[in-house]
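The values are calculated or read from the model by the stated rules, or taken from the named source; none is laboratory data. Bear in mind the structure is a predicted one, so any value in this text is a computation, not a measurement. Don't worry about glycine lacking a Cβ; one is built from the backbone with ideal geometry, like all the others, and counts go over all protein chains shown.
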Amino acid sequence: MDGLLNWFMEALNGKVSKEAIVFIISMIPILELRGGLVAASLMNIDIVRAIWYCVIGNIIPVPFILLLITPIFNWLKQTELFRPMVEKLEKRALGKSDQIEKYQFWGLVLFVGIPLPGTGAWTGSLVASLLGIKFKKAFPAVLLGIVMATVIMSIASYGLLGALIR
């Protein structure tokens, strides 16, 4: 994650504002809000502003994933070129679905909210969609997970990381 985070920060530095960099990083799979808050901390952006940019950036892709990923995947699986890639993505996502499938709402909240590799709003939304969890149940769970991840990562990025680099 560090290499990807540094690449985005360097590639966008001077081209867009620091806040825009944080917002963009927060929208990107793998990096998401976690990467956005670390980047914001490293760029000395005020924590309150950083949280707003990161949360909004992380939320934007969620409804699109929840509502559109299954039809898009079904369409892509009809092609010989994309079928293997889509099936691999589905298999990887569903391999992480035990907790979500068992506990539904709270499983999804914890999956999105606990900052571990391979978890987050993108993967949580993908798994929820593939499991057929309804939007009105999945979206609030992902939002609550994002809030949880925000608290954890704010403490880690501005508390621990801030103490180490200052």
Going residue by residue through region 15-28, is there one that turns out to be small (G, A, S), in a loop (DSSP other than H, G, I, E, B) and on the phi > 0 side of the Ramachandran plot?
no
K136 being touching a helix residue (DSSP H, G or I) at 6+ places or on another chain (Cβ under 8 Å) and either in contact (Cβ under 8 Å) with a residue 40 or more places away in the chain or among the basic types (K, R) (or both):
no
Examine region 1-13 for a residue that is in contact (Cβ under 8 Å) with a residue 24 or more places away in the chain and under 13 Å from the mean Cα position of the chain (by Cα), and state whether such a residue exists.
yes
Mind checking which residues of region 126-139 are assigned to a loop (DSSP other than H, G, I, E, B) and of a type in the set (V, I, T)?
I133
Entirely in region 57-125, the helices (runs of 4 or more DSSP H) that have 3 or more residues that are touching a residue at least 40 places away in the same chain (Cβ under 8 Å), under 29 Å from V151 (Cβ atoms) and not assigned by TED's automatic domain parsing to the domain that holds A39:
61-76
